[in-house]
Structure formats: C-alpha cells, structure tokens
Amino acid sequence: MITPAFAQATGAASGADVALQFVPFVLIFVIMYFLILRPQQRRLKDHQSMVKNLRREDTVVTTGGLVGRVTKVMDDANEIEVEIAPNVRVRVVRSMVSEVRVKGAPVKAS
C-alpha cells in the first residue's frame with residue numbers, strides 16, 4: 001500500500017531570511033519616492049513660489065482656462081483681481097493660477 005509521507009522538519013527561519021523578504025518592499029518604496037513623491041513635491045514648491053511672486057500687469061492663466069491680466073494683488077486676502085476683458089474684472093484665489101506668462105510672450109502652439 002501507500003506509505004504516509006512525513007514533512008521534513010526544517011529549522012526556524014533565520015534573521016537573514018526575514019531581512020531578505022523585506023528587501024523588495026523597501027526597493028519598491030524607494031522607487032516610488034523618486035518617481036512619484038519627489039517630483040510632486042518639487043512641482044508643488046514651484047507652484048507656491050510662482051503664486052507668491054504674482055504682481056500687477058502679469059498675464060495669468062487660471063485652472064478654469066481664463067486668461068487675463070492681474071490688476072490688483074491683495075496680500076491679506078490671498079486673492080488677486082484679474083481683468084479678463086476690457087472693464088471686466090474678477091477676483092481669483094491665488095492658488096487657482098496655473099501659469100504666469102511673460103509679457104509679450106507668444107501663446108504656445110499645440
């Protein structure tokens with residue numbers, strides 16, 4: 001007949017084996033940091049400095065797609081006043097500015 005098979009007893013897992021199991025997780029975290037987190041932090045820092053340095057007569061593009069000229073910068077209210085057409089002014093929250101264009105710079109062709 002068939003004889004029962006007994007599993008061979010192995011020793012307890014050594015510390016080196018456990019450490020080797022965590023190496024792929026650490027490697028994945030390091031790769032994600034350099035590919036995702038670090039560039040995102042850099043973009044956020046660049047955006048904050050751009051918004052902080054807004055001044056009158058700058059041409060801005062909002063996240064909603066409006067293009068206008070800054071007519072008034074309100075430091076205490078965290079808002080700016082943008083003229084989007086002659087005698088049409090809107091108040092915009094500073095963080096909603098997505099781009100600041102240099103005066104006289106041509107529009108980028110797609």
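The values are calculated or read from the model by the stated rules, or taken from the named source; none is laboratory data. What you see is a predicted model; the values in this text were computed from it and never measured. Cβ atoms come from the backbone with ideal geometry, glycine included; neighbour counts cover every protein chain shown. Quick note on the areas: whole protein, heavy atoms, side chains included, nothing else; ligands and nucleic acids left out. Shrake-Rupley method; radii C 1.70, N 1.55, O 1.52, S 1.80 Å.
Summary of values
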read-out	value
Subset of segment 34-70 [part of a strand (DSSP E or B), under 12 Å from Val92 (Cα atoms) and touching a residue at least 40 places away in the same chain (Cβ under 8 Å)]	Val60, Val61
Per-region count, segment 44-70, residues surrounded by fewer than 10 Cβ atoms within 10 Å (Cβ to Cβ) and basic (Lys, Arg)	2
Hits in segment 72-93 (condition: aliphatic (A, V, I, L, M) and either under 11 Å from Thr62 (Cβ atoms) or open to solvent by 90 Å² or more (accessible area, probe 1.4 Å) (or both))	Ile80, Val82, Ile84, Val90, Val92, Val93
